[in-house]
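Peer 1: Below is a structure I'd like to ask you about.
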Amino acid sequence: MTFADIITRLTADTQSSLPLFAPELCLVATIVALLLVRLCNLDRRFPGSVVAIIGTIAGLAFAAVQFYNFRDGAGTTAAPMFTGLLLYDPFTVFFRVFLLLFLLFVEYLTLLGGIPDQEDAPDFYVLLLGSTLGMTLMASANHLLMVFLAVEMTSVPSYAMVGFLKGRRDSSEAALKYVVYGAGAAGVMLYGISLLAGLLGTAHLPAMAQALTEFSKLHSGFADPAVRTLALGILMVLVGVAFKLSLFPFHFWCPDAFEGASAEVGGYLSVASKGAAFALLVRFCLALVGHSAGDSELSQLYMNVGVGLGVMAAVTATFGNLAAYGQTNIKRLLAYSTIAHAGIMLMAVSAMMVVLNAPAAAGGTAAARTTAAAACVEGLLYYLAVYFFMNLGTFAIVALIRNQTYSEQIADYAGLVKQSPLLAICMLICVFSLVGIPPFGGFFAKFSVFYSVLDAARFSSTMWIVLIVGLANTVFGLFYYMRILKTMFITPLPEGARPVDVSLASDGGWYVLLVSLPVLALGIFVDPISGVVRDVATWLFRG
């Protein structure tokens, strides 16, 4: 093939990929527009928040059209983008809609919260959009090179956003810790990627499953050095993903980062970062095992990976809930809550790995295994949809209270129900959902995840322990969540307390109501969103 032929193929591939890449291109164009506004000192005429919101709406519109086309059957074929570095399919488009819609909510929250100020707005929104761009690439990554690139594109702007509160020592300290730990995790992940690519001779995710099948014919048993190296490479990549998910023992950055950052940034990291990382984790796990690997020579290794993820999930959920007990700062408490919920969601991925690698005699046909695995991913996606609103609602309430009391201590929420009944009731809705109390969305989200773990327990007795620990953690979380509500509803309003006036007539009141009501709706009207995530999960296992 001549050089001219290569250029022609690359040009044709790029031209066919650009329309599929439209939502990300909107983010890129918005970032460029924000930089130009900053460079030309036009930020007073064109506020950074307005530019960012317009660009986000445009990207969301493209993503919504793409998702509608898949749901309508007009675009039912997955397509590689940019020579196979990225993948365009319903799973990608679902997370584009998820991330861009969440970005839009966060941008409006920053307007209500006043962070950033007008002078720093273009810089802040460039970081916010740049991080979201990296997250969309994490969801569509189809190559190990893109995996690393997307993770770093997500992480680097996040470091700056955590330290964006100027003149705050705890904010700067949190950002520095986040950078140091993040750099270490990135180095470990990159080394793991190099091991996998070197062993398998490919870094292309769809080709990895086939390469691993060939690998298993030449190498078997953990006594084989090549198998141990493979396991080490998988483990090191999972370390990088675990850091993004703040899983134990890679959680150490999370509490400090959430406490040092503004509530708006904490809410963004708690939901968007988790969603993108779980999308990447599912992609990576499927690249390892293929769509059905019950008869593979490496099935036992993959089964062990699944069980290991389950144990990590149980320990993470337990640690997050127990560590939240002694917290007095609401953001730090919500950081440990985020860690606990990441552990619960990881149980769905663990269950997927276990059922996919169940022996054919125990797990049934390949079709039965993929159906069970799709149900696990369905539970994860439903959990993320509910988590979107209940966690954002909690952080939004924290931001609005902070603006009026200048405090983020739980003790200063005393008697809030008398000052702002709307905020107190919306917090009650979000907290009950975080606990998992019916009929709120969190109950059905946890139920779907635990049901998938129950299904996986047929093939591994360890998953019974994971299930029991997960159920116990629902009770553990009840106590510290109730402490927030006790302070708001029962503790008397102290004399001289700063007034909190957020009513339905204010923009902040409408916002918290807008993000809190879906939490209740997702618990009562389960079928609409359940049908969507079921279609996406089922499509993921086609082929």
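The values are calculated or read from the model by the stated rules, or taken from the named source; none is laboratory data. This one's a predicted model, so the numbers in the text were calculated from it and none came from an experiment. For neighbour counting, all protein chains shown are included, and Cβ atoms are generated from backbone atoms with ideal geometry for every residue, glycine included.
Peer 1: What pairs can you find where one residue is in segment 79-90 and in contact (Cβ under 8 Å) with a residue 12 or more places away in the chain and more than 13 Å from residue 18 (Cβ to Cβ), the other is surrounded by 21 or more Cβ atoms within 10 Å (Cβ to Cβ) and hydroxyl-bearing (Ser, Thr, Tyr), and their Cβ atoms are less than 8 Å apart, with a gap of 6+ or different chains?
Peer 2: Pairs found: 80/88; 87/140.
Peer 1: Just for segment 490-528: of the residues that are among the aliphatic types (A, V, I, L, M) and over 26 Å from residue 112 (Cβ atoms), which one is surrounded by the most Cβ atoms within 10 Å (Cβ to Cβ)?
Peer 2: 526
Peer 1: Taking segment 376-433 on its own, how many of its residues are touching a Ser or Thr at 6+ places or on another chain (Cβ under 8 Å), hydroxyl-bearing (Ser, Thr, Tyr) and over 15 Å from residue 503 (Cα atoms)?
Peer 2: Count: 3.
Peer 1: Something else about it: Applying the selection to segment 466-482, what residues are more than 21 Å from the chain's Cα centre (by Cα) and crowded, with 16+ Cβ neighbours inside 10 Å?
Peer 2: 466, 467, 469, 476, 478, 480, 481
Peer 1: Looking at this structure, is residue 101 among the hydrophobic types (A, V, I, L, M, F, W, C), out of contact with any Phe, Trp or Tyr (no Cβ under 7 Å at 6 or more places or on another chain) and either surrounded by fewer than 24 Cβ atoms within 10 Å (Cβ to Cβ) or closer than 22 Å to residue 50 by Cβ (or both)?
Peer 2: Criteria met by residue 101.
Peer 1: Looking only at residues in segment 434-459 that are surrounded by 22 or more Cβ atoms within 10 Å (Cβ to Cβ) and among the hydroxyl-bearing types (Ser, Thr, Tyr), which one is nearest to residue 523 (Cα to Cα)?
Peer 2: Within segment 434-459, the match that is nearest to residue 523 (Cα to Cα) is 448.
Peer 1: All but one of (1) surrounded by fewer than 24 Cβ atoms within 10 Å (Cβ to Cβ); (2) part of a helix (DSSP H, G or I) hold for residue 407; state the number of the condition that does not hold.
Peer 2: All conditions are met except number (2).
Peer 1: A further question follows. Considering each of 103, 165 in turn, give the residue that is modelled with pLDDT of 90 or more and either polar (S, T, N, Q) or within 25 Å of residue 512 (Cα to Cα) (or both).
Peer 2: 103
Peer 1: Next question, about the same structure. Could you grab me the full set of residues in segment 321-349 that are within 26 Å of residue 375 (Cα to Cα) and of a type outside the set (A, V, I, L, M)?
Peer 2: 337, 338, 341, 343
Peer 1: Also, I was wondering about something else. Out of the residues in segment 39-78 meeting the condition of being basic (Lys, Arg) and either in contact with a Phe, Trp or Tyr (Cβ under 7 Å, 6 or more places away or on another chain) or exposed (fewer than 13 other Cβ atoms within 10 Å of the Cβ) (or both), tell me which one is modelled with the lowest pLDDT.
Peer 2: Checked segment 39-78; the qualifying residue modelled with the lowest pLDDT is 44.
Peer 1: Look through 241, 265 and report the one residue that is out of contact with any Ser or Thr (no Cβ under 9 Å at 6 or more places or on another chain), assigned to a helix (DSSP H, G or I) and over 25 Å from residue 472 (Cβ atoms).
Peer 2: 241
Peer 1: Considering (1) buried (at least 17 other Cβ atoms within 10 Å of the Cβ); (2) within 30 Å of residue 184 (Cα to Cα); (3) not aliphatic (A, V, I, L, M), say which one residue 120 fails and leave the rest.
Peer 2: Going through the list (1) buried (at least 17 other Cβ atoms within 10 Å of the Cβ); (2) within 30 Å of residue 184 (Cα to Cα); (3) not aliphatic (A, V, I, L, M), residue 120 breaks only (1).
Peer 1: From the list 32, 37, 51, 93, pick out the single residue that is within 22 Å of residue 279 (Cβ to Cβ), part of a helix (DSSP H, G or I) and hydrophobic (A, V, I, L, M, F, W, C).
Peer 2: Testing whether each residue is within 22 Å of residue 279 (Cβ to Cβ), part of a helix (DSSP H, G or I) and hydrophobic (A, V, I, L, M, F, W, C) leaves just 93.
Peer 1: Say whether the condition of being at pLDDT 85 or above and part of a loop (DSSP other than H, G, I, E, B) is met by at least one residue in segment 16-23.
Peer 2: yes
Peer 1: Also, I was wondering about something else. Testing residue 332 on (1) closer than 24 Å to residue 486 by Cβ; (2) touching a strand residue (DSSP E or B) at 6+ places or on another chain (Cβ under 8 Å); (3) basic (Lys, Arg), one condition comes back false. Which one is that?
Peer 2: Unmet condition: (2).
Peer 1: Hey, among 153, 161, 146, 138, which residue is of a type outside the set (Ser, Thr, Tyr), farther than 18 Å from residue 305 by Cβ and free of Cβ contacts under 8 Å to residues at least 24 places away in the same chain?
Peer 2: Among 153, 161, 146, 138, only 153 is of a type outside the set (Ser, Thr, Tyr), farther than 18 Å from residue 305 by Cβ and free of Cβ contacts under 8 Å to residues at least 24 places away in the same chain.
Peer 1: Further question on the same structure: State which residue pairs qualify: first residue without any contact (Cβ under 8 Å) to a residue 60 or more places away in the chain and inside segment 414-437, second residue among the small types (Gly, Ala, Ser) in any location, beta carbons under 7 Å apart, and separation of 6 or more residues or different chains.
Peer 2: Close Cβ pairs satisfying both conditions: 435/442; 435/477; 436/442.
Peer 1: Inspect all residues belonging to segment 505-515 and state whether any of them is closer than 22 Å to residue 377 by Cβ, part of a helix (DSSP H, G or I) and in contact (Cβ under 8 Å) with a residue 24 or more places away in the chain.
Peer 2: no
Peer 1: State all residues of segment 165-217 that are among the polar types (S, T, N, Q) and surrounded by fewer than 18 Cβ atoms within 10 Å (Cβ to Cβ); if no residue qualifies, say none.
Peer 2: Residues satisfying the conditions are 172, 194, 202, 210, 213, 216.
Peer 1: If you don't mind, another one. Output the number of the condition that residue 523 fails; it satisfies all remaining conditions of (1) at pLDDT 90 or above; (2) in contact with a Gly (Cβ under 7 Å, 6 or more places away or on another chain).
Peer 2: Condition (1) is where residue 523 drops out.
Peer 1: Within segment 427-466, can you find the residues that are over 27 Å from residue 528 (Cα atoms) and assigned to a helix (DSSP H, G or I)?
Peer 2: 462, 463, 464, 465, 466
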